[in-house]
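The values are calculated or read from the model by the stated rules, or taken from the named source; none is laboratory data. No experiment lies behind these values; they were computed from the predicted model shown. Please note: Cβ atoms are built from the backbone with ideal geometry, for glycine as well, and neighbour counts cover all protein chains shown. When the accessible area is computed, the model is the full protein with side chains, heavy atoms only, and any ligands, DNA or RNA have been set aside. Shrake-Rupley method; radii C 1.70, N 1.55, O 1.52, S 1.80 Å.
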Amino acid sequence: MEKYQYVLAMLYAIDEINANPLLLPNVSLGYEVYDSCYSDMAALDGVMCYLSGHQSKVPNYSCRSTPPKLSAVVGDSPSSGSVAIARILGLTNFPQISYASALPTLADKTQFPSFVRTVGTVDSQPVAVVQLIKHFNWSWVGIVSSNNDYGDQGTQKLKLEMAKNGICVAFAKSLNTPPSKESLESIIDSILRSKPNVIVLYAYATELIAFLQAVVARKISGKVWVAVGSWLPSAVFTQKDLWAILNGTIGLAKYSSNIPGFQDFLYTIHPAKYPNDIFIREFWEQVFSCKWRMNNVTNVTSCTGAEDLTKVDKSVYDTTNFRLSVSVYNAVYAVAHALHDMLSCQGGAAPFRNGMCANYEDFQPWQLFQYIKRVHFLNSAGERVAFDEKGELKGLYDVLNWQVSPDLRGELVKVGIFDDWGPHGAKLVLNEKGIVWGERYKEVPPSVCCDSCPPGFRKAPREGQPFCCYDCHLCSEGEISNQTDTADCMRCPEDQWSNENRVKCIPKVIEFLSFEEPLGIALSTITSACSLLTISVLCIFIRFRETPLVKANNRSLSYLLLVALLLCFLCSFLFIGRPAIITCLIRQAVFGTIFSLCVSCIFAKTITVVIAFSATKPNSPLRRWVGSSIPNSMILTGSSIQSVICLSWVIMYPSSPVLNMKATKGVITVECGDGSIAFFYIMLGFLGFLALLTLVIAFLARNLPDGFNETKFITFSMLVFTSVWISFIPAYVSTKGKYMVAVEIFAILSSSLGLICCIFAPKCHIIILKPHMNTREYLISKSQIGNKI
């Protein structure tokens with residue numbers, strides 16, 4: 001029935017054209033109809049008959065006595081038949097217009113130079129399908145196609161378009177013809193294994209019924225079938241046992257425009273009206289289930305010719321679906337408009353060399369083809385008809401949705417259109433509220449290999465799997481992603497850091513060792529307490545400066561040492577608080593110089609004790625150094641060398657505040673750039689040299705008489721001092737940010753406190769708590785006991 005409607009559409013178009021005084025005036029179109037019976041051989045036979053004559057088939061020769069003027073061939077419907085015809089007609093550029101063949105190869109003008117078609121372009125159908133898939137955010141899609149040129153070439157183009165739009169092919173399988181049980185099971189296993197919710201069926205209707213029946217048998221449900229135009233408006237949907245799985249099917253079909261008057265025309269056809277129509281009597285028999293009166297035929301309802309087509313059920317005789325009939329109608333009108341343009345040709349405007357017009361009374365088919373390629377008109381339904389450089393009609397499709405109502409009535413509902421002429425981004429127009437997705441889904445079903453990665457995560461591809469399959473990894477610290485399914489995280493600016501969820505950058509915390517924070521408060525408190533302790537010891541020594549113990553320990557050096565220790569404690573305050581230009585410039589230099597002064601004083605005290613006790617021995621060479629200025633020279637020498645080192649450091653590599661973005665994650669550390677780490681270790685090395693020299697001399701003098709000997713206390717103090725600063729170096733190197741400063745302050749405080757406790761605590765204990773020991777007699781007696789020993 002559907003195929004016969006194509007013939008009627010051609011008849012209706014020719015009748016309209018012949019009755020139109022504005023199109024081909026004074027010219028009547030004729031026609032010949034051949035039935036290819038879906039056979040390539042029959043299609044070739046019909047074309048040869050058409051070109052050569054009804055009886056003899058002689059290539060490139062007409063056997064007609066009075067051959068009619070042949071203009072163009074409209075057809076065939078199957079792609080295989082069109083290919084066979086096009087290879088013959090292309091030899092002489094004889095115009096051929098197909099109304100249904102969608103094989104991609106037919107767009108190749110090298111193989112088929114005179115072929116055009118009034119169905120959607122080969123490019124537009126896969127593009128339209130991908131636009132539909134992309135609209136619903138499906139990225140994991142299966143493909144089942146015909147095992148022929150139509151399916152293979154269409155699938156190849158579909159895969160290419162899917163890859164361009166970030167859509168992955170879950171599987172791609174071909175349907176064998178005829179389908180075998182093994183091949184169907186293989187396809188169904190692929191569906192179950194890869195689990196796509198959306199499957200594109202790029203095949204003919206006759207090939208899909210067995211496949212869909214196998215799907216029903218395996219009880220597969222919840223799949224959305226995306227139909228390509230070749231099978232959506234077809235007999236597949238008359239199979240009620242398939243309605244359950246087909247419910248929710250969405251896809252493309254040739255745009256259905258209403259040809260004005262065509263429906264009424266379909267009701268007026270009658271065998272008596274077209275006596276030369278060899279198909280109409282068979283059509284009549286099928287529609288009314290009757291037979292025209294024949295001899296010796298009984299028990300059969302006879303056709304009378306009085307039957308009424310308006311009373312025939314729609315399922316038997318559909319007069320509303322004109323999808324491919326419109327393509328036939330457009331093909332006939334394309335020929336008519338080309339003939340009209342040829343007839344109206346003005347010299348200089350023809351598509352031939354030198355602008356010459358063709359002889360309308362005796363034109364060649366290849367000349368008409370040049371006009372057919374250039375036609376551009378609107379049909380009576382307002383649909384645009386124009387071919388591109390490949391002879392393709394821009395795609396115009398209806399988006400249809402198969403819906404089964406609760407009372408088990410099924411129908412194809414138009415829910416949108418795809419128009420290749422539409423502006424970019426507006427080619428696909430859908431009414432999503434009108435779409436039914438089957439019984440399982442109330443809204444658009446997902447079809448993805450993996451769930452979307454939320455903001456704060458990035459997609460990490462899975463090895464050996466398509467790019468749509470991935471794992472979601474949290475962005476690294478300092479990086480963010482503020483969109484779904486981000487492939488790469490964005491790094492925050494240097495002065496910002498990622499928040500906990502990795503969705504936005506926030507300003508980094510400004511960090512330095514502050515007086516307000518607990519660590520700063522603790523260090524400040526300890527520094528203040530140690531400074532007060534040092535001042536107290538100094539006051540005690542000043543208050544008891546005339547006592548034998550203070551005098552015996554070289555009170556001037558003791559005063560200088562206590563002042564130096566006080567400065568050591570106080571220089572810790574240079575390291576606390578936000579670094580400023582002045583504090584960065586002087587703090588390391590002040591620290592190095594003061595500590596060198598302090599250690600030099602201890603070294604001088606040690607040398608003084610050694611000289612004092614060694615000079616008491618007869619004939620001692622040190623007697624002449626008693627009372628000399630050697631200790632003062634040692635203090636001056638040690639301090640001067642360190643001062644030169646520190647001054648050179650300050651001048652050559654002045655320190656200034658810098659913002660360290662990398663010391664601590666998410667924190668900007670305000671610190672002093674030391675300029676040259678080499679000078680820092682040179683300063684510490686010289687300080688260590690003084691301390692080690694003092695330690696060695698004090699250790700060697702440990703056996704001097706106890707009454708006047710403080711070298712054993714100096715030995716302990718130097719052991720503490722060197723231990724602190726030896727452990728300081730690895731601790732300092734391994735810390736960052738404000739804790740590096742805290743480590744240095746701790747080393748300053750602990751080493752200074754060790755010196756004051758080891759050297760002065762025993763003396764203060766005697767001065768305050770045991771004054772009887774702070775007498776000349778006691779000290780002399782202790783000294784004598786030591787000499788005897």
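When you look at Ala589, is it under 20 Å from Ile677 (Cα atoms) and in contact with a Cys (Cβ under 7 Å, 6 or more places away or on another chain), yes or no?
Here the answer is yes, as Ala589 does meet what is asked.
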Can you find a residue that is open to solvent by 60 Å² or more (accessible area, probe 1.4 Å), at pLDDT 85 or above, closer than 18 Å to Val335 by Cβ and within 60 Å of the chain's Cα centre (by Cα) anywhere in region 59-78? no
Any residue at all in region 165-188 that is in a helix (DSSP H, G or I), in contact with a strand residue (DSSP E or B) (Cβ under 6 Å, 6 or more places away or on another chain) and open to solvent by 10 Å² or more (accessible area, probe 1.4 Å)? no
Selection count where residues are in a loop (DSSP other than H, G, I, E, B) and over 24 Å from Ala210 (Cβ atoms), scope region 117-160: 9
Part of a helix (DSSP H, G or I), at pLDDT below 90 and β-branched (Val, Ile, Thr) - does that describe any residue in region 528-550? yes
Output for Cβ contacts, cut-off 9 Å, separation at least six or different chains, first residue touching a residue at least 40 places away in the same chain (Cβ under 8 Å) in region 73-92, second in a strand (DSSP E or B) and open to solvent by 10 Å² or more (accessible area, probe 1.4 Å), reads Ile85/Val73; Leu89/Val73
Is region 378-397 home to any residue that is in contact with a Cys (Cβ under 9 Å, 6 or more places away or on another chain) and touching a residue at least 12 places away in the same chain (Cβ under 8 Å)? no
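Go through region 228-321 and tell me which helices (runs of 4 or more DSSP H), entirely inside it, have 2 or more residues that are touching a Pro at 6+ places or on another chain (Cβ under 9 Å).
280-288
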When residues of region 411-433 are limited to those that are of a type in the set (A, V, I, L, M) and within 18 Å of Leu400 (Cβ to Cβ), the one surrounded by the fewest Cβ atoms within 10 Å (Cβ to Cβ): Val429
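Here's the yes/no breakdown for (1) within 22 Å of Ala386 (Cα to Cα); (2) of a type outside the set (D, E, K, R); (3) in contact (Cβ under 8 Å) with a residue 24 or more places away in the chain:
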residue: Trp402; (1), (2), (3): no, yes, yes
residue: Ser405; (1), (2), (3): no, yes, no
residue: Arg409; (1), (2), (3): no, no, no
residue: Lys414; (1), (2), (3): no, no, yes
residue: Ile417; (1), (2), (3): yes, yes, yes
residue: Gly422; (1), (2), (3): yes, yes, no
residue: Glu432; (1), (2), (3): no, no, no
residue: Glu439; (1), (2), (3): no, no, yes
Just to verify a result, which residue in region 738-789, among those that are surrounded by fewer than 19 Cβ atoms within 10 Å (Cβ to Cβ), out of contact with any Asp or Glu (no Cβ under 7 Å at 6 or more places or on another chain) and of a type in the set (Lys, Arg), is modelled with the highest pLDDT? Lys770
Going residue by residue through region 318-328, is there one that turns out to be under 23 Å from Ala386 (Cβ atoms), touching a residue at least 12 places away in the same chain (Cβ under 8 Å) and of a type in the set (Asp, Glu)? no
Scan region 113-140 and report the pairs whose first residue is within 17 Å of Lys254 (Cβ to Cβ) and at pLDDT below 90 and whose second residue is in a helix (DSSP H, G or I) and open to solvent by 30 Å² or more (accessible area, probe 1.4 Å), with Cβ atoms within less than 6 Å and a gap of 6+ or a chain change. Pro126/Lys157
Taking region 202-248 as the search range and keeping residues that are polar (S, T, N, Q) and within 21 Å of Glu439 (Cβ to Cβ), which one is least open to solvent (accessible area, probe 1.4 Å)? Asn247
Identify, from the list Ile88, Ile97, the residue that is more than 40 Å from the chain's Cα centre (by Cα), open to solvent by less than 30 Å² (accessible area, probe 1.4 Å), of a type outside the set (Phe, Trp, Tyr) and over 30 Å from Asn165 (Cα atoms). Ile97
